[in-house]
Amino acid sequence: MLFRSAFSLAAFYVVLTSFLWNKYGGCLRLLTESVLSLGVIFATLAIPFAIDGTLTGATWAIEGAGILWISIKQEQKYRRLFAVTLIFAASIILLSELLLPLSGPHLKFSYAFANSAFIGCVIIAIAACCSSWLLSRDYKGKHNIEKSLSLALLVYGLFVMFAGFEYQITDFLLHSVHGVLLATLSSICTLCFIIAGNRLKWDMARWVSLLSIVPMAAAVILCYAYQPQLSAHYGYLVWPISFLIYFYGLKQSLTVIPQKP
């Protein structure tokens, strides 16, 4: 029921966006973009609802990112701070849904990583990183504290992502493949930040791709601790790809390291 509602609302807002753009074009650009953002929000929420259906925390994060985007355009300082507060509160709400359910038994998931707990963490992390990028740009009425909030949101997003990952490892007893899975996640994150750094000219994203050597090193240690050999559990595919991605990210990151005159 929740999936159908979210999907129906997403379709409605996308159709409404198409109508507004075709009818009014750029005259109602802000309204059209706002309606489209609502469509994206409900389309995103339809995914975890379709799997096993929790999701207040992830909803708060997406709403916070949407409010932040609109508030920057409308030069609303206090609304921007409220949006950032929503994003930070999202993980607390998600945690309460997992550990302190208001009614019924404790949530049980059938498949590792394909459940609303992990997807909720991914959504919160993406919302936080997108908000970090929004605050990193130059815009009218920007305050110094928002530069610090940009970095805080980026760190927060990465923390939620990897905390959600570790929760899956513990909950599904995946310690034997912990290293390979961590290397896979690190590679995916590194690739995403490389693309973001290049396409959006976002220096902090390039630094994140450079610092991904930390979880990669942890993954190597975990492999030696729990696996019979580094190539086990598809490691012979994961490790070469992971290191290729990292060294490509390293090459890209060198462009933001200050050079000597």
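Only one of the numbered conditions (1) within 17 Å of Leu135 (Cβ to Cβ); (2) of a type in the set (Ser, Thr, Tyr); (3) in contact with a Cys (Cβ under 9 Å, 6 or more places away or on another chain) is not met by Tyr167, and that is (1). So for region 15-23 (the condition being modelled with pLDDT of 75 or more and either in a loop (DSSP other than H, G, I, E, B) or in contact with a Pro (Cβ under 6 Å, 6 or more places away or on another chain) (or both)), does at least one residue qualify? No, there is no match, as no residue in region 15-23 is modelled with pLDDT of 75 or more and either in a loop (DSSP other than H, G, I, E, B) or in contact with a Pro (Cβ under 6 Å, 6 or more places away or on another chain) (or both). For Leu230, the stated conditions do not hold, so it cannot be described as open to solvent by 20 Å² or more (accessible area, probe 1.4 Å), at pLDDT 90 or above and over 27 Å from Leu134 (Cβ atoms).
Of the residues making up region 204-223, those that are in contact (Cβ under 8 Å) with a residue 40 or more places away in the chain and open to solvent by 80 Å² or more (accessible area, probe 1.4 Å) number 2.
Residue check: is Ile241 in a helix (DSSP H, G or I), within 22 Å of Phe118 (Cβ to Cβ) and not polar (S, T, N, Q)? So Ile241 passes the test.
Just a yes or no: is a residue in region 5-13 at pLDDT below 70, farther than 14 Å from Ile123 by Cβ and part of a helix (DSSP H, G or I)? Checked against the condition, which is being at pLDDT below 70, farther than 14 Å from Ile123 by Cβ and part of a helix (DSSP H, G or I), region 5-13 yields at least one hit.
If we scan region 187-203, do we find a residue that is in contact (Cβ under 8 Å) with a residue 24 or more places away in the chain and of a type in the set (Lys, Arg)? Checked region 187-203: no residue is in contact (Cβ under 8 Å) with a residue 24 or more places away in the chain and of a type in the set (Lys, Arg). Restricting attention to region 143-175 and to residues that are surrounded by 13 or more Cβ atoms within 10 Å (Cβ to Cβ) and among the hydroxyl-bearing types (Ser, Thr, Tyr), the residue that is nearest to Ile92 (Cα to Cα) turns out to be Tyr156. Check whether at least one residue in region 247-259 is modelled with pLDDT of 90 or more, β-branched (Val, Ile, Thr) and open to solvent by 80 Å² or more (accessible area, probe 1.4 Å), and report yes or no. Looking through region 247-259, none of the residues is modelled with pLDDT of 90 or more, β-branched (Val, Ile, Thr) and open to solvent by 80 Å² or more (accessible area, probe 1.4 Å).
The values are calculated or read from the model by the stated rules, or taken from the named source; none is laboratory data. Quick caveat: nothing in here was measured; it's all calculated off a predicted structure. In this analysis, Cβ positions are derived from the backbone assuming ideal geometry, glycine residues included, and neighbour counts consider all displayed protein chains. The protein model used for the area step is the full one, side chains on, heavy atoms only, and it has no ligands, DNA or RNA in it. Shrake-Rupley method; radii C 1.70, N 1.55, O 1.52, S 1.80 Å.
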